[in-house]
Structures are given as structure tokens and as C-alpha cells.
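The values are calculated or read from the model by the stated rules, or taken from the named source; none is laboratory data. Note that this is a predicted model, so its numbers are computed, not measured. Every residue, glycine as well, gets a Cβ built from its backbone with ideal geometry; the counts of neighbours run over all protein chains shown. What goes into the accessible areas is simple: the full protein's heavy atoms, side chains included, and nothing from ligands, DNA or RNA. Shrake-Rupley method; radii C 1.70, N 1.55, O 1.52, S 1.80 Å.
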Amino acid sequence: MDRTRQAVVIGGGIGGLTAAAALHGAGVRVTVLERSPALEPVGAAISLSPNALRALDVIGLGDEIRDLAAWQGDGGLRTPGGRWLSRSSAETAAARFGGPLVLLHRAGLVDRLAAQLPPGAIRTGAAATLTDPGDDDRPARVRTPDGELEADLVVAADGIRSAVRRTLFPDHPGPVYSGFTTWRTVVPLPGVTFASQETWGRGRIWGTHPLKDGRVYAYAAAVTAPGGHAADERAELLHRYGDWHDPIPAVLAAVRPEDVLRHDVHHIAEPLPAYHRGRVALLGDAAHAMPPTLGQGGNQAIEDAIVLAHHRDDLAAYTTARLPRTIAVARQAVRVARLNMAGNRAVTALRDAAIAALSRTGPALFLRGFDGIADWRPPQAPYASQRTRAGER
């Protein structure tokens, strides 16, 4: 394949914008096509682990995001009654993985990624259709409302329902229902202080995490039939979690029904045979959607983007670098989902006892779950100063 000079990115989410920024930094002319009328990230907040922060270092954003975000790790895992099953600290996490786990609003990350691109590079309200994936002898082609674009590289970051994935791999079955739904919200909670924590019940979980700006990010998940919705999702959350430990009742008291986002969770159970075809590369949820139980969906998309920019002239090398790793992370996320969403009383009692016992003999379970994930490093040398050591907040 000829050297990449012109790239089209389909999808203006975190993965697509990271790819666009990395390609722009490598001297590639980039056009981002986002079908929504504005860059409005779906979701509330995003947790970034050291692997993603090191990837952002490559494009000069790592330290800015570290400064913008709240460090995670001070807290742990609890039962609905409030008993701690395991505890950890931000410093322990940073020391274990060579950098912090942080949390920030998705909009803040999207804004800073978009600012890396030149004026006019992002086109909103621009639905895109791949009409030709191209090959070594011809460019790829993408149809837009304003006409057709040719590109040396097309980056498909068009999400879990990716139309580009269906075009490239029409026989692939696509995503499947993961067995549970999620609720997410960001609310102000003045006067209430607490550490980051997640609570596991029977077939239900809840997470509460403070953001650096004083607001609180909360999420919940429960085993349900797909397609369900309540007339008042706040009332649904009160019904399911209202009698759980503090600060959950205080968070629910601060939530308005319109503040709650609810989405069924899907993942790609059957791996794709490759993450590319012709001059087109898939990344993020379009390639390997996974349950959010490890908080790695966005992190793996950021990794994809940086590795893709590195291998922009050899997409087979991109597939080789990314497919085995993302399959392993996705499968681990599915295993964790089965564990934390377990609904059998005896199974959850055994699970809780095992977590507590393991945490007494070593690092907290959630830290062990990041081994082999959070210590990943990008193929390129870091661009930023990479202030990642414990204590350098």
C-alpha cells in the first residue's frame, strides 16, 4: 500500500477522534465524518487506565488529561449492606501499573481531542457510507451528503452497530445481548464526601465515583430482559437500589429522571477474522465491543487509534497487533460480568467470601484484574512528560 496521505474517519467519538489526532500528528490529511449534528458523546463519564493515558501521551494529551481528571483507587468493593470486601488506594494502583487510573466526563475528553485537529477537519451532520474498501491499486471511497470522498485509509469508528463492519464482513453475526442493562448519571452532590466504590449485589451492581469538578458519576447495572424501559428511570433506580448503603440514597435523592441514561449492554461474542480489509480499518466498538465491567471499552479504542496511526501503511500489522489483545480483554470483561452479575444467592455468598479472602492476602481484586491490561505501552515513544509516578497528582 502506498504511503497514507489522506484519511477519512467515520465516527466522531473518542476512538475516532484519537485516531484522527494521531494521524494528523503524523502528517496525514484527515476528515472526520460524524452523523450527529454535534460532537455529543454518548454516556456520562469515562475511566482511563494507565494504558490509555500512555497512548494519549503519544499525541501530547496524557498530562493534560491527568491534570483534568480525578484519580481513582481510593475506595474499593462493598456489599449492599455496606461491608467492605476489598479496599485499595490510588497510590497503590499507580505504583502497580506505572500510572494512575483516572475519571473524567466524556465531553471533556472529546473537546480536547477535537482541539487537536485543524479547523474544518470535523464535519458534523455528515452520514457516511463506505462504497468501496479499496485495495493496493485503488483508494477507498466513502459517500457523504456532499459527495464522494477518496482516501488512502478509512477508519471505521462507527460504534457497536457499525455499518462499515457489516459491509466488510457481511457473514459476521454482529453483537449479542450481554444479559443486563445499565443506568448512568452525573449529578452535583455538595457536602457529601466519599471514596470511589463499587457495590455488588445479587444480579445488580452500583458504582459511585467523585469527579474532580465536584460532581458525582454514578452507574448501575442489573440483569434484565432486553428492551426494557421505565416511565421514570429514577424511580426504577430507587426501587432497585434505594435501600443500599450510603452514599447511594443521597445520590438518588439528587438525581432527576431526565439525568438518567439507560442502555442495554451488547458485546461482540464471535471475534472478527481481522480488523481490516482493503484500505479500511475498524477500531473500538466497531471491532470488539465488550461489556463495561472492566471499564476498558474506551481505553481499548484509544489504544487501537494510536496503534493504527503507527501501522497506517500496513493494516495487516494493525490487525496482528490488536486482534489478540482485544479478544483477550473482551473475554475477560465477559467473565467479570458473569461474576459481578451473578444472581444465585449461594454463588454470590461464595463470590463475596472469595473476594474478601483474596484481598486479605494481596492487592485488591480489581487491581489484579488489570494485570496485563493497564501495563500496556504503545509502540511509539511518548510525546509528553508522562507524570505517572505515585504522588505526582
For region 34-58, give me each residue that is β-branched (Val, Ile, Thr) and buried (at least 24 other Cβ atoms within 10 Å of the Cβ). ILE46, VAL58
Failed condition for THR31, given (1) in contact with a Lys or Arg (Cβ under 9 Å, 6 or more places away or on another chain); (2) closer than 30 Å to GLN72 by Cα; (3) open to solvent by 10 Å² or more (accessible area, probe 1.4 Å), with all others met? (2)
Taking LEU104, is it closer than 25 Å to ASN299 by Cβ and either in a strand (DSSP E or B) or in contact with a Lys or Arg (Cβ under 6 Å, 6 or more places away or on another chain) (or both)? yes
Being open to solvent by 10 Å² or more (accessible area, probe 1.4 Å) and closer than 22 Å to SER36 by Cα is the filter here; which residues of region 147-164 pass it? GLY147, GLU148, LEU149, GLU150, ALA157, ASP158, GLY159, ILE160, ARG161, ALA163
Give the residue that is farthest from the chain's Cα centre (by Cα), with candidates limited to residues of region 14-28 that are surrounded by fewer than 24 Cβ atoms within 10 Å (Cβ to Cβ) and more than 21 Å from GLY278 (Cβ to Cβ). GLY27
Look through region 322-348, keep the residues that are of a type in the set (Lys, Arg) and farther than 20 Å from ARG240 by Cα, and return whichever of them is least open to solvent (accessible area, probe 1.4 Å). ARG322
Matching entry among ARG262, ARG279, ARG256 (being of a type in the set (Lys, Arg) and open to solvent by 40 Å² or more (accessible area, probe 1.4 Å)): ARG256
Can you tell me which residue among ALA286, ALA374 is open to solvent by less than 20 Å² (accessible area, probe 1.4 Å), modelled with pLDDT of 95 or more and touching a strand residue (DSSP E or B) at 6+ places or on another chain (Cβ under 8 Å)? ALA286
Quick one: count up the residues across region 98-126 that are farther than 30 Å from ARG368 by Cβ and open to solvent by less than 40 Å² (accessible area, probe 1.4 Å). 7
Can you tell me which residue is nearest to TYR219 (Cα to Cα) among those in region 59-77 that are surrounded by fewer than 20 Cβ atoms within 10 Å (Cβ to Cβ) and among the charged types (D, E, K, R)? ASP74
Filter result for GLY174 (of a type in the set (Gly, Ala, Ser), over 17 Å from the mean Cα position of the chain (by Cα) and open to solvent by 50 Å² or more (accessible area, probe 1.4 Å)): no
Against the condition without any contact (Cβ under 8 Å) to a residue 40 or more places away in the chain and either out of contact with any Phe, Trp or Tyr (no Cβ under 9 Å at 6 or more places or on another chain) or under 30 Å from ASP67 (Cα atoms) (or both), how does ALA250 come out, does it pass? no
Return a yes/no flag: does region 39-58 have any residue that is modelled with pLDDT of 90 or more, more than 17 Å from the chain's Cα centre (by Cα) and either in a loop (DSSP other than H, G, I, E, B) or under 23 Å from GLY214 (Cβ atoms) (or both). no
Of all the strands (runs of 3 or more DSSP E) wholly in region 136-202, which have at least 3 residues that are polar (S, T, N, Q) and touching a residue at least 40 places away in the same chain (Cβ under 8 Å)? 176-188, 196-200
Flagged in region 316-338 as in contact (Cβ under 8 Å) with a residue 60 or more places away in the chain and in contact with a helix residue (DSSP H, G or I) (Cβ under 6 Å, 6 or more places away or on another chain), in numbering order, are ALA330, ALA333, ALA337
